[in-house]
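Input: a single structure, listed below in structure tokens.
The values are calculated or read from the model by the stated rules, or taken from the named source; none is laboratory data. Because the structure is predicted, anything quoted here is derived from the model rather than measured. Backbone-built Cβ (ideal geometry, glycine too); neighbour counts: all protein chains shown.
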Amino acid sequence: MEIPNHNSDMVFDEDLYTIDWSDIENTEADYEHYINDIETFFRQDIENEAFEEDLY
């Protein structure tokens, strides 16, 4: 039988890891923010790629 490799005396605070359904259900997605993040990612990627080509 294996011996657990953890401290069984440690208290698990379930409240720290609990999400209420209402927190998820009432959340509105910020699609404009997501689009801006994606555009920024690709813009930076293209700029970095152009810079890398200049190195060679």
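Is one or more of the residues making up the range 2-23 surrounded by 10 or more Cβ atoms within 10 Å (Cβ to Cβ), among the charged types (D, E, K, R) and modelled with pLDDT of 80 or more? So far as the range 2-23 goes, no, none of its residues is surrounded by 10 or more Cβ atoms within 10 Å (Cβ to Cβ), among the charged types (D, E, K, R) and modelled with pLDDT of 80 or more. Among the residues of the range 24-41, those identified as in a helix (DSSP H, G or I) and surrounded by 10 or more Cβ atoms within 10 Å (Cβ to Cβ) are Tyr34, Ile35, Asn36, Asp37, Ile38, Glu39, Thr40, Phe41.
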